[in-house]
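Each value in this text was obtained by applying a stated rule to the coordinates, not by laboratory testing. Quantities reported herein were computed from a predicted structural model and do not represent experimental measurements. FYI the Cβ positions are ideal-geometry reconstructions off the backbone, even for glycines, and counts take in every protein chain you see.
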Amino acid sequence: MSQTDTHRAIDTVWRSESARLIAGLTRMLRDVGLAEELAQDALVAALEQWPRVGVPENPGAWLMTTAKRRAIDRLRRSKLLERKHAQLVHELEHEQEHAQAAVEAALDDPFGDDLLRLIFVACHPLLSMEARVALTLRLLGGLSTEEIARAFLIPEPTIAQRIVRAKRSLAKAEVAYEVPRGDELHERLSAVLGVIYLIFNEGYSATTGDDWMRPALCEDALRLGRVLTGLMPREAEVYGLLALMEIQASRSAARVDAQGEPILLLEQDRRLWDHLQIRRGLAALEQAGRLGGADGPYALQAAIAACHARAPTSEETDWDGIAGLYATLAEVAPSPVVELNRAVAVGMAAGAAAGLALADGLVDEPSLQKYHLLQAVRGDLLERLGRREAAREAFEQAAALTMNRRERELMLGRARRCADEPPP
């Protein structure tokens, strides 16, 4: 394996294993900042060793073992509690015994999942809501500061400061690595749902890199969403979020071609959609409705996704219904991105001119100045109106703003098409 291939493999492993690595270390050390630091140390060790000796058969286990050893060294140097030192050595040398102990401990643990527990710890009330979401995305989503900033549509330095301050605040307050209970659990739910969905979105449409999707992130988000429904069976929005993710994830196999190139929603082969996953999503959406949460933000987005899922072909999509749902969502959870999505739906339901009027009204919105999808939507609507030169410019702007190679190539391809094809 070439050095380039090895580094690519390391990046892939880090994306899929970093959250579990940090969560497991936090369980042992009860220190989120130290856990992330040791996980990063293990990554550095992989970058140094794997190009020489090759990628191990179980890279996740290699990273965890390396991180544990470094934790032991750190504890020895700093002369921390001897009991904790002994605990780490024992776990390293007697993994099988600890596996059984973990199973027994899980019987008394309502979460039974290090990742989920860490999300709730990172969403501690002493942090601002923005800091909770940013920190959890960093620790559990494996996202870079830049990726989180793009997800929030705010400057990268702002996110970096939030993450640093959040970890310092948790350390200063000596926040315990424990399961929240009662009212405290519900207080953190909104941030947790937001985190899970942002993780899912980063997997569903990667903001950077060479791949259109990062399936491992989608799978982590879905797993956490499914666990949450078991934890909080009376919370409608938990089911709303799960419904939304299940239905969106059902399209995964149809979203890229054999070469990994993106396929847009209206062009997808719907026979490739996972209809079992759609049924699971629709069942979760029905449960959200039974719990009185049909108008919750996630349930409304799931209802929009359901309109697509129920349409046998793109031509049979209920765009009037989707536009109406977006109008309701804009009242429940107003945001520029919701308005942009509503412009798309209106453009399909009432014509491209009506959609373009809404999209053009967002051009001066500060939070959308670097949001490539605004220009992508404008390009699509302009192209449908026969305004090919303006459409070309919009697609080129979208290509310049996106940091995902596949998406950039898609936008540039559409720009070339506008320049090459004569008007109808």
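Remarks
- Amide hydrogen proximity for residue 256: with H placed 1.01 Å from N in the peptide plane, the residues at 5 or more positions away or on another chain lying under 5 Å are 263.
- For segment 341-348, backbone phi angles converted through the Karplus equation (6.51, -1.76, 1.60; θ = phi - 60°) give residue-by-residue couplings of 5, 5, 4, 4, 5, 5, x, 7 Hz, Gly and Pro being listed as x.
- Phi-based couplings in Hz for segment 42-50 (Karplus 6.51, -1.76, 1.60; Gly and Pro marked x): 5, 5, 4, 4, 5, 4, 7, 9, 5
- The mean of 1/r over all pairs of different alpha-carbon atoms in segment 114-267, once inverted, gives a Kirkwood hydrodynamic radius of 16.2 Å.
- Of interest is the spacing of the C-alpha centroids, which for segment 292-334 and segment 145-167 amounts to 30 Å.
- The string of couplings for segment 201-208 from the Karplus curve (6.51, -1.76, 1.60, θ = phi - 60°) is 4, 5, x, 6, 9, 4, 6, 9 Hz, one whole number per residue in order, with x for Gly and Pro.
- Calculated on alpha-carbon atoms, Rg and Dmax of segment 237-330 in Å: 13.3, 44
- Cα gyration tensor, segment 163-208 - rounded (a/c under 1.5), prolate or oblate: oblate
- Note on the chain: Cα Rg divided by 2.2 N^0.38 Å, N the number of residues, gives 1.05.
- Neighbourhood charge, 9 Å Cβ-Cβ cut-off, centred on residue 268 and excluding it, Lys, Arg +1 and Asp, Glu -1: +1
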